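Trainee: Got a structure here, written out as structure tokens. Questions coming.
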Amino acid sequence: MFFTPFKLVILYLIFLRNAIEDDIATRANKVVICDTDSLATCIWHKRYVGSEHPMVEQIADSRRYDLYILTQPDFGFVQDGTRESEHLRMTMHQQFVEVLQQKGKRYITVGGAHELRMSEAIGAIDSLLVFEPLKELEN
């Protein structure tokens with residue numbers, strides 16, 4: 001398999017990000033929230049390169065997350081110097097939905113005002129932190 005410099009950088013960033021996530025998870029108090037992950041990198045890789053990369057896909061498939069929180073593009077577009085363009089927002093959002101569904105990932109979408117988004121996200125995370133009481137062991 002031939003790796004272009006771009007693909008090597010992508011792989012390096014994925015491995016680095018995953019190592020940081022794993023390190024943080026060992027010190028976290030139950031919850032780690034990531035802005036992006038290897039699966040998102042797969043989706044953006046396909047967008048920018050025009051094809052999937054088997055190794056990127058394999059890395060993404062090996063990671064386990066309890067919940068994806070996908071924000072709806074229902075607020076004004078803000079160009080921050082890294083955004084590609086406003087016209088792609090809905091297309092990329094739909095691409096994320098399709099990939100999450102195809103891969104059987106648990107996800108929610110949040111939309112509306114900031115307060116509503118936060119409330120929905122916090123509620124979904126809180127529901128993951130509720131555990132069944134342990135049954136008493138019989139002697």
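Trainee: For the chain, please report how many Lys pairs fall under 28 Å Cα to Cα, leaving out neighbours fewer than 8 apart on the same chain.
Mentor: 8
Trainee: Let me make sure I get this right: for the range 69-139, a, b and c are the square roots of the gyration tensor eigenvalues over alpha carbons, sorted descending. Under 1.5 in a/c it's rounded, otherwise prolate if a/b > b/c, else oblate. Which is it?
Mentor: It comes out prolate by the Cα gyration axes.
Trainee: Hey, rough spin-label estimate for Ala28 and Asp80, points 7 angstrom out along Cα→Cβ, what's it come to in nanometres?
Mentor: Rounded to a tenth, the inter-label distance reads 1.9 nm.
Trainee: Quick check for you: which residues of the range 9-37 have the amide N under 13 Å from the point 7 Å beyond the Cα of Met55 toward its beta carbon?
Mentor: 9-16, by backbone N distance to the label point.
Trainee: Follow-up. Charges only on Cβ, +1 for Lys and Arg, -1 for Asp and Glu: so what's the dipole of the range 56-97 about the Cα centre, in debye to the nearest 20?
Mentor: Values: 4 positive and 7 negative charges, 14 e Å.
Its charge dipole is roughly 60 debye.
Trainee: I would also like to ask the following. Take Ser127 and Met90, extend 7 Å from each Cα along the Cα→Cβ direction, and tell me the distance between the two endpoints in nm.
Mentor: Here the modelled spin labels are 2.8 nm apart.
Trainee: Moving on to the next point. Could you size up the charge dipole of the range 6-139 around its Cα centre, putting +1 on the beta carbon of Lys and Arg and -1 on that of Asp and Glu, and report it in debye to the nearest 20?
Mentor: Values: 15 positive and 20 negative charges, 77 e Å.
With only Lys, Arg, Asp and Glu charged at Cβ, the dipole is about 360 debye.
Trainee: Here's another thing I want to ask about it. Classify the range 1-78 from the C-alpha gyration tensor, please: rounded if a/c falls under 1.5, else prolate or oblate depending on whether a/b exceeds b/c.
Mentor: Oblate, because a/c is 1.5 or more while a/b does not exceed b/c.
Trainee: While we're on this one: If you find the alpha carbon centre of the range 113-128 and of the range 25-79, how far apart are they in angstrom?
Mentor: The distance from the Cα centre of the range 113-128 to that of the range 25-79 comes to 19 Å.
Trainee: Ok, one more. Kindly state, to the nearest 0.05, the FRET efficiency for Arg63 paired with Leu137, given R0 = 30 Å and r defined as their beta-carbon distance.
Mentor: For Arg63 and Leu137, the calculated efficiency is 0.30.
Trainee: Tell me the carbon and sulfur percent of the accessible area for the chain, rounded to whole percent, probe radius 1.4 Å.
Mentor: Heavy-atom surface of the chain belonging to carbon and sulfur, 1.4 Å probe: 57 percent.
Trainee: Would you work out which of Leu70, Thr41, Met55 lies farthest towards the positive end of the dipole of the range 36-86, given +1 charges on the beta-carbon of Lys and Arg and -1 on that of Asp and Glu, about the Cα centre?
Mentor: The residue sitting farthest along the positive end of the dipole is Met55.
Trainee: Compute from the Cα atoms of the chain the Rg and the Dmax, the latter being the longest Cα-Cα distance, and quote both in angstrom.
Mentor: Values for the chain (Cα only, Rg and Dmax): 17.8, 65 Å.
Trainee: A follow-up question, please. Sorting Arg47, Arg117 by accessible area (1.4 Å probe), largest first, what list results?
Mentor: Arg47, Arg117
The values are calculated or read from the model by the stated rules, or taken from the named source; none is laboratory data. Nothing here was measured: the structure is a model prediction, and the numbers come from that model. Backbone-built Cβ (ideal geometry, glycine too); neighbour counts: all protein chains shown. The area values use the complete protein model at the heavy-atom level, side chains included, leaving out ligands, DNA and RNA. Shrake-Rupley method; radii C 1.70, N 1.55, O 1.52, S 1.80 Å.
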